[in-house]
Structure formats: C-alpha cells, structure tokens
Amino acid sequence: GCKFDAGRVQRLRGGGLARIPGTTVYSPQGSALLAQSLAELLRSRAKEVVAPRYKLVCHVLLGQQSQQSLLVASRALWDPESDSFASATFANTSLFAVATVHGVYFE
C-alpha cells in the first residue's frame, strides 16, 4: 500500500500523453503551454494513486521531430528501496514528448 507503484503510474502517464492529438503540430509558442498542462494533468492523476507520503516531481519534455536523436537522463539522490519513477513517450510526425514522474518518499 505505501510503496510507489511505478507500473500503475506508468499506465496513468501513457493515458495522459494519449491526450495529445495525433495531428498536433509542434510550435515553439504552443509547446510550453502544452507541456505545462500535461505535467499538471499527470501530477494530479498520480496524486490519486500514490500514497500521500510521496512527493511527486513531474517533468514533460516536448520537442520538434527533425531527424535527430535525443537522450534524456536524470540523476537524483534517493532511497532505491522506497523511491522510484515512471516514464512514457509519445511521438507523431511533428513532435515528440517524454514524460517522467518521480516519486520520492517523505517522512
């Protein structure tokens, strides 16, 4: 009951990214608002299924598809017994999105 369930959060985030219409076109101005709204949606959904003792950090990265590769990495100081994360991706012909939710146990 109290451990961060990465699989459950993973399913939530996949559903959150599914809210991006497949026809969405990348624009530098609109992407900031889209990333912010997706992060808020994911955070609120994760709060419903994660124990209240966890602090959640939601990160959404949006970018333009233009025939290049991208590596996303993160590092944190945490307890591997209680802290965890879940990640999901989305891509269409115009943009890509990478969403990560970190759950850090707080006493």
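Each reported figure results from applying straightforward, stated rules to the coordinates on display, with no laboratory input. Just so you know, these numbers come straight off a predicted model, no measurement behind them. Note: ideal-geometry Cβ built from the backbone for every residue, glycine included; neighbour counts use all protein chains shown.
Shape analysis of the chain yields a ratio of the Cα radius of gyration to the Kirkwood radius, Rg/Rh, of 1.00. Across segment 56-71, rounded Karplus estimates of 3J(HN,Hα) from the backbone phi angles (6.51 cos²θ - 1.76 cosθ + 1.60, θ = phi - 60°) give 10, 10, 10, 10, 10, 10, 10, x, 8, 6, 8, 6, 10, 9, 8, 10 Hz, Gly and Pro being marked x.
Principal-axis analysis of the Cα atoms of the chain puts helix 6-17 at an angle of about 30° to the longest axis.
For the chain, a Gaussian network of Cα nodes joined below 10 Å ranks Ala86, Ala73, Ala46 by mean-square fluctuation, and the top entry is Ala73.
For the chain, what is the mean residue ellipticity at 222 nm derived from helices alone (per DSSP H run of n ≥ 4: -39500 (n - 2.57); sum divided by total residues; nearest 500 deg cm²/dmol)?
The helix-only estimate for the chain comes to -10500 deg cm²/dmol at 222 nm.
Tell me the angle of helix 28-49 to the major Cα principal axis of the chain, expressed in degrees between 0 and 90 and rounded to the nearest ten. The angle comes out at about 30 degrees.
Tell me which trypsin sites (Lys or Arg not before Pro) from segment 28-97 have a DSSP coil assignment and no more than 10 other beta carbons within 10 Å of their own. Show your work: numbers first, answer last.
Details: sites: Arg43, Arg45, Lys47, Arg53, Lys55, Arg75; in loops: Arg53, Arg75.
Taking segment 28-97 and a limit of 10 other Cβ atoms within 10 Å, the loop trypsin sites (Lys or Arg not before Pro) found are Arg75.
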